[in-house]
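Take a look at the structure set out below.
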Amino acid sequence: MIKYFDKLTDAVASAFAARAVDVDRLKYCVKADMDSEGCYYDVYVTYDEEKLYILSGYDRLVKNRKTFDSAFDFKDYAEYDNADIERLYVDRYQYTCRLIAKMTDGRELPLGRFSSGFSEKFEQFCRRFECLKKNEEPDDSALDDKHLYCPKCQRKYPDPNRRFCPYCTKRSWIFKRLLGMFGDYKWQMGIILVMIGLSVALGLISPYFGTKLLYDDVLNANGSLYGQILTVIIAMGAFSLVSTIFSIVYGIVISCITPKVVHKLRTDIFTAMQRLSLSFFTNKQTGSLMGRVDRDSSDVYFFFTDIVPQCIANVIKILGLVVLMLMINPLVSVCMLAVAVFVLMCEIIWMRGQRRNWRNRDIARRGVNSVLTDALNGHRVVKAFAREQQEIGRFGKRNDQLYIADYNRGRRSAQFFPVQQGVYAICNGLIYCLGVYLVLNGQLEFGGLTLLISYFGVVWDPMFFFMYMGNDWSRCTDAAGRMFEILDSEPTVKEPEHPAEIAEGGLKGDIEFKGVTFEYEAGRPVLKNMSFKTEAGKFTGIVGKTGAGKSTMINLISRMYDVTSGEITIDGIPIKKIPFKALRESIGVVSQETYLFMGTIADNIRYARPDASMEEVIQAAKNANAHDFIMQLPDGYDTITGSGGISLSGGEKQRISIARALIQKPNILILDEATAAMDTATERKIQNAIDNLKQGRTIIAIAHRLSTLRDADMLNVIENGELKESGTHDELIRANGTYFELYKLQSMSLKSIGIGE
């Protein structure tokens, strides 16, 4: 049975079947977005036991009532015997990649091109073809998940962790989902609708008193209310007052509901962010994520407090005006409504194009905010390297893009509005002439004409509103879409469905890598088939050049990422079966990248264990050799650190970070270049403190200074993602291998400055 990277639609399956391909025998299928010549086509590549097949054309969706049917426009077809193909591989360029078949006769045949974002699935496809050639069975447990495909169009979601289909999802779906968040306030929404309806109805009746009734019945000697001007004025005032009261009531109610919904939405977004994996944040800029919590929620708030009530009111107003105008004079009313419909159609066409401009403006604005956030957060680096002009240029470039987007949006509006106003003026004059003609011929009373003219002026207010509403609608749905992107995202690293039971006292620290391979990007492994074991209670050092994969190993042990292949076990338990809480409580990590939260130093130290006493905080600081400098600060442990701890030196922040890890009392302590920001004397003090903590605790340390790892029970030497050597310091020196070369280089460097032995 076929395993899908990209699912075959019924139309594509029929296209294969028409070329004598048995679809039921196909094993895997992957789709490229370009053919071998670089032209944009939908190219399906698949194979069975005997042949590899390539089908290209265009995928289309055909709407059939409430459902979507797939269609495929055929362009080309090719097939190759598997026996003639030595292997498949992905050839990468800067923005695109090629799928290459290396033939047994030495030729390299390009089968298709695709955008670089598709590289991962093509790498997996090539691996499975290799398994076929080797008669091996690959692990396909993750490929048959029906949740990876849109139930409407059967296409695979672009992001498997976010069940959103851009192919058949419309803005209306986003808006309906947003309205669904008001489901807990149904009776309040009912009150709002009633109040809006009554307010609009009274507002429509009010002009009747000041026009038709006043001219035809009060000021006319033949009228039934001749001379009763005061009565009409009181009635007009009463209707206007009651209408205003209703408006105030529904305004108050909706202003109470919307903040609650938006508050819940902000909370849900932040909560969703906390459960997402580290990979999500590495692919997003801080300014963009901040905007989704702050600016996007504000756009949604103002849309529902300002725009939605007016939208409902204007819909009711238009329906009421149509009925009232037709009752007064159908001919004049039809002419007026025809003009209104014509202008409305023009507005709809204009609004569709304007949505694109608003979208471009929003993208440009987020780009400006991202650059601004980077520059402000990294102002010390900017000053240190005197890159002010570079940052000004970078900001200016993004600001220019925002200017262009704003200019295009404003220019299009400026071109449309005068034309719209001109059409209004001309049509208003023509309709007024028609009304005068009917009055002179006795087919319409003067009061009726003035009431129609009054209503015709009222009609344009909803027209103007809906014209502006297109911008607000686009802004709201775009904002909601970005917020739902986070709410719908799923962590790549998930809690185990059937977690293992962890013994009391937590994990001990018998860590084993079993053939571990890991890739941040498909086809570019950082760790390659790595296997080693760390015994509980031992001190293990990891050394290697920068970029060798040392910090990646730490991330895998902490399960910030999942391995691509292979397995990691702790105390014999696969790490994927260990609950997050038990894993993180048993592991304390001191990273080379330190971060302190806004707050007191004591709060930063006890962050890992908020219930820790002040005595425990002080003891952890002493163990990290931080107590002395903390006591020299103005408020000691109550000193407030700036955002990110910028009021402290790098070494001081590092020591607080170590204290934060130690107060957790972890059974496994991981030091990732923990002493890199410290002087030699301080480093030695911390090493002595770490020596005192070794008893009964597993320690894994990464360091470039090999002298800090001389006492390690085991040293693992990493090079280009592979384990090159293992052993004690003395054993590795005698082996005269990679470790010896690193040690010799460092010794020579120290001797050159008069520090070496």
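The values are calculated or read from the model by the stated rules, or taken from the named source; none is laboratory data. Note that this is a predicted model, so its numbers are computed, not measured. Note that we place each Cβ from the backbone using ideal geometry, even for glycine, and neighbour counts take in every protein chain shown. Ligands, DNA and RNA are excluded from the accessible area calculation, which covers all protein heavy atoms including side chains. Shrake-Rupley method; radii C 1.70, N 1.55, O 1.52, S 1.80 Å.
So the values come out like this:
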read-out: Computed E for Ser613/Ser115 - FRET, C-beta separation, R0 56 angstrom, nearest 0.05; value: 0.50
read-out: Full-extension gain in nm, Ala735 to Glu50, via 0.36 nm per residue minus C-alpha separation; value: 241.6 nm
read-out: Rg/Rh for segment 503-629, where both radii come from Cα atoms and Rh is the Kirkwood radius; value: 1.01
read-out: Apportionment of accessible area to carbon and sulfur, segment 325-385, percent (1.4 Å); value: 69
read-out: Inverse mean reciprocal Cα-Cα distance (Kirkwood Rh) of segment 36-114, Å; value: 14.2
read-out: FRET E, pair Arg107, Thr564, Förster distance 51 Å, beta-carbon r, rounded to 0.05; value: 0.95
read-out: Relative packing of 423-434, 503-514, which averages over residues the other C-beta atoms within 10 Å, highest first; value: 503-514, 423-434
read-out: Residues in segment 235-265 reached by a label modelled at Ile191 [backbone nitrogen below 16 Å; 7 Å Cα→Cβ]; value: 245-261
read-out: Whole-Hz ³J(HN,Hα) from phi, Karplus 6.51 cos²θ - 1.76 cosθ + 1.60, for segment 420-430, glycine and proline x; value: 5, 5, x, 4, 4, 5, 5, 5, 4, x, 5
read-out: For segment 340-476: accessible area per residue (Å², 1.4 Å); value: 56
read-out: Cubic angstrom per residue, convex hull over Cα atoms of segment 1-63; value: 89
read-out: Leading residue at positive end of dipole, segment 306-395 (Cβ point charges), from Trp350, Asn377, Gln310; value: Asn377
read-out: Accessible solvent surface per residue of segment 542-633, calculated while the other protein chains remain in place, 1.4 angstrom probe, Å²; value: 45
read-out: At q = 0.13, 0.21 Å⁻¹, base-10 log of I(q)/I(0) for segment 296-404 (Debye sum, equal scatterers on each alpha carbon); value: -0.74, -1.13
read-out: Distance between modelled label sites at Gln415 and Thr600, nm, 7 Å Cα→Cβ extension; value: 6.3
read-out: Using a Förster distance of 56 Å, the FRET efficiency for Ala201-Asp488 (Cβ separation, nearest 0.05); value: 0.85
read-out: Distance between modelled label sites at Glu130 and Arg352, nm, 7 Å Cα→Cβ extension; value: 4.9
read-out: Inter-label distance for Ser255 and Met631, nm, one decimal - labels placed 7 Å from Cα along Cα-to-Cβ; value: 5.7
read-out: Cα pair distances exceeding 16 angstrom across segment 540-589, given as percent; value: 43
read-out: Alpha carbon convex hull of segment 391-503, volume per residue in cubic angstrom; value: 219
read-out: Alpha-carbon radius of gyration plus Dmax, which is the widest Cα pair, for segment 428-582 in Å; value: 35.6, 108
